[in-house]
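Okay, so here's the structure we're looking at.
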């Protein structure tokens, strides 16, 4: 089935988020002529969404960031929203809450509006922007370096500020979870923040949909036994639920 030029261009931007694409490879993958691909690339360049080069195109870095984050936000959206609501029910009004990196944390932030914690501490600039213009909740953002393809803060300044913060509840994100071995981040910077906030919180919960379970990433953050609980969606397999409980972890299933 043939797709519209608009849908084809959306797919091109998705493929381009990796950095660069060639006309030949795009034509083969999207099953259209190279002439059609060149028209698409020309249209996208006029919109400022990419830069054409000989034989293909390279990413406009700002657009690559926007596509990457928005695409992640829309992935497993129903599960993330359910996790956000379940996580918010673990927070008492007036509490101090830490929200980690990631689009699931953004879902928690939106759900927390109904709870009204006194303070939200976050390294995620999108979460901070969610609360602009309201007065019920104070939002604290540490200094640091902004990620190249994520709206998150990292580095020595971030860690130094957070090391002087105490929170009632921390909601931590991750890239993968192996209930037997631990939970993981894709890079050392985000892993360092998560490890620190495990120590600076009275209770720490991992927020992760079922697609993240049963895998390992590059940087191990900690054992799941360091957590008070894990908030996951209803598709989490029973074997993972049992493995978490054997570690003494509360398993909260979001419906």
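The values are calculated or read from the model by the stated rules, or taken from the named source; none is laboratory data. This structure is a prediction, so every number in the text was calculated from the model and none was measured. Because the Cβ atoms are built from the backbone with ideal geometry, glycine has one as well, and the counts that use them run over all protein chains shown.
Observations on the structure shown:
- Check on residue 253, closer than 21 Å to residue 103 by Cα, at pLDDT 95 or above and surrounded by fewer than 17 Cβ atoms within 10 Å (Cβ to Cβ): yes
- In region 198-221, residue farthest from residue 123 (Cα to Cα) [restricted to those that are more than 17 Å from the chain's Cα centre (by Cα) and part of a helix (DSSP H, G or I)]: 199
- Pairs, first in contact (Cβ under 8 Å) with a residue 40 or more places away in the chain in region 118-136, second part of a helix (DSSP H, G or I), C-beta under 7 Å, six or more apart: 123/158; 123/193; 126/106
- Taken together, the residues in region 181-217 that are within 25 Å of residue 167 (Cα to Cα), in contact with a helix residue (DSSP H, G or I) (Cβ under 8 Å, 6 or more places away or on another chain) and in contact (Cβ under 8 Å) with a residue 40 or more places away in the chain amount to 9.
- Output for region 19-33, where each listed residue is part of a helix (DSSP H, G or I) and under 15 Å from residue 2 (Cα atoms): 26, 27, 28, 29, 30
- Candidates 52, 62: the one that is modelled with pLDDT under 85 and outside any helix (DSSP H, G or I) is 52.
Here is a yes/no grid of residues against (1) at pLDDT 95 or above; (2) surrounded by 14 or more Cβ atoms within 10 Å (Cβ to Cβ); (3) not assigned by TED's automatic domain parsing to the domain that holds residue 108:
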position	(1), (2), (3)
191	no, yes, no
194	yes, yes, no
217	no, yes, no
221	yes, yes, no
225	yes, no, no
232	yes, yes, no
